[in-house]
1. Among the residues of region 86-97, count how many are within 16 Å of VAL52 (Cβ to Cβ), modelled with pLDDT under 95 and among the aliphatic types (A, V, I, L, M).
2. Are any residues in region 20-35 of a type in the set (Lys, Arg) and either under 15 Å from LEU69 (Cα atoms) or surrounded by 19 or more Cβ atoms within 10 Å (Cβ to Cβ) (or both), and if so, which ones?
3. Looking at region 119-133, can you tell me whether even one residue there is loosely packed, with under 14 Cβ neighbours inside 10 Å, modelled with pLDDT of 95 or more and under 19 Å from SER18 (Cβ atoms)?
4. Could you check how many residues of region 1-19 are modelled with pLDDT under 95 and crowded, with 21+ Cβ neighbours inside 10 Å?
5. Need the failing condition index for VAL38 against (1) modelled with pLDDT under 95; (2) touching a helix residue (DSSP H, G or I) at 6+ places or on another chain (Cβ under 9 Å), just the number.
6. What tally of residues in region 41-83 results from selecting those that are touching a helix residue (DSSP H, G or I) at 6+ places or on another chain (Cβ under 9 Å), touching a residue at least 12 places away in the same chain (Cβ under 8 Å) and surrounded by 11 or more Cβ atoms within 10 Å (Cβ to Cβ)?
7. Go through region 33-87 and count every residue that is under 29 Å from LYS136 (Cα atoms) and of a type in the set (Gly, Ala, Ser).
8. So ALA100 ticks every box in (1) crowded, with 20+ Cβ neighbours inside 10 Å; (2) more than 20 Å from VAL52 (Cβ to Cβ) but one. Which box is left unticked?
Amino acid sequence: MVCYAVIDTNVFISALLSKRADTATVRVMDAMFEGRIVPLYHEDILAEYDEVLHRNKFHFKEETIQLVLNAVKQFGIEVFPQPSGEILIDMDDLIFYEVALDKREDDTYLVTGNQKHYPIRDFIVTPAEMMEILDK
């Protein structure tokens, strides 16, 4: 099964920080590299990935950051969503929500470790829930 998904920045951070290969966040990232998840993105999402992954507190190597950014662009699809008018707790998350919302007809998911930042919607899932969907 192949799914379209907007992957929140926190999923990549958790995956890259993980010491274990079997965590849900690592499995989501692996699924993207395997082509089981087609990442949907917008230039604002790429900019956030780039900015957050470069934060000194994470100590990610430049090669690792570029691998993630290039994979999203190479395996993903750029989306230009319509404004939703939604007000979120953290408005920086709005573009992630709007990209997923714009592609709901394709059964797109928004994968995040911070569900509290978004409205309650059936397409907003945790990394573990995303893997359950993929493994069905």
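1. Pass one, region 86-97, residues within 16 Å of VAL52 (Cβ to Cβ): 90-96.
Now drop any that are not modelled with pLDDT under 95, which leaves 90-92.
If we keep only those that are among the aliphatic types (A, V, I, L, M) as well, we get 91.
Summing the residues that are within 16 Å of VAL52 (Cβ to Cβ), modelled with pLDDT under 95 and among the aliphatic types (A, V, I, L, M) in region 86-97 gives 1.
2. Initial filter on region 20-35 (of a type in the set (Lys, Arg)): 20, 27.
Listed by number, the list holds a single entry, ARG27.
3. yes
4. 0
5. (1)
6. Matching residues across region 41-83 total 24.
7. The qualifying residues number 3.
8. Unmet condition: (2).
The values are calculated or read from the model by the stated rules, or taken from the named source; none is laboratory data. Nothing here was measured: the structure is a model prediction, and the numbers come from that model. Here Cβ is always computed from backbone atoms with ideal geometry, including for glycine, and neighbour counts include all displayed protein chains.
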